[in-house]
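The values are calculated or read from the model by the stated rules, or taken from the named source; none is laboratory data. This one's a predicted model, so the numbers in the text were calculated from it and none came from an experiment. Using ideal geometry, Cβ is built from the backbone for each residue, glycine included, and neighbour counts are taken over all protein chains shown. When the accessible area is computed, the model is the full protein with side chains, heavy atoms only, and any ligands, DNA or RNA have been set aside. Shrake-Rupley method; radii C 1.70, N 1.55, O 1.52, S 1.80 Å.
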Amino acid sequence: QVQLVESGGGLVQTGGSLGLSCAASGRTVSNYVMGWFRQAPGKEREFVARINWSGRSTSYSDSVKGRFTISRDNAKNTVYLQMNNLKPEDTADYYCAADQSRYSVVALDYRYWGQGTQVTVSS
């Protein structure tokens, strides 16, 4: 089993930055695909970013491309999401996810999930 714990959420003004972390425990996730998703109130969970096991391949949703950066430190069993130039529409609960085999943008394809961390961007 893999346990994921997100941290780093909070309240920030438009144009500000936040860095999220997702710490994994239970087993190493160095060979896992890791993803970040978000869910705003009343909306479905949506893909934000993903990273393959080595960190050499990443991709982003169009809405965050150029503003967010996903990275990982396999030695620390941790994945990160650096969010810059935040906008009110980025307000959501952010979730970290892991899967051993699927390099996917679909939430249902990820086996393990964290509990989420809240990000609020004020205008």
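With every protein chain kept in place and ligands, DNA and RNA left out, what is the accessible area per residue of the chain? Probe 1.4 Å, answer in Å².
51
Taking the alpha carbon gyration tensor of the chain, what are the square roots of 5 times its eigenvalues, largest first, to the nearest whole Å?
Equivalent-ellipsoid dimensions as semi-axes: 22, 14, 14 Å.
May I ask you to list the lysines whose Cα is less than 28 Å away from that of Lys87, ignoring any residue fewer than eight positions away on the same chain?
Lys43, Lys65
Applying 1/(1 + (r/R0)^6) with R0 = 22 Å to the Cβ-Cβ distance of Val106 and Ser17, what FRET efficiency is obtained, to the nearest 0.05?
0.20
Have a look at the stretch 1-45 and give its Rg and Dmax from the Cα atoms, expressed in angstrom.
When restricted to Cα atoms, the stretch 1-45 yields Rg and Dmax of 13.5, 38 Å.
Could you tally the net charge around Lys43, taking each other residue with its Cβ under 14 Å from the Cβ of Lys43, Lys/Arg +1 and Asp/Glu -1?
Here the charged neighbours net out to -3.
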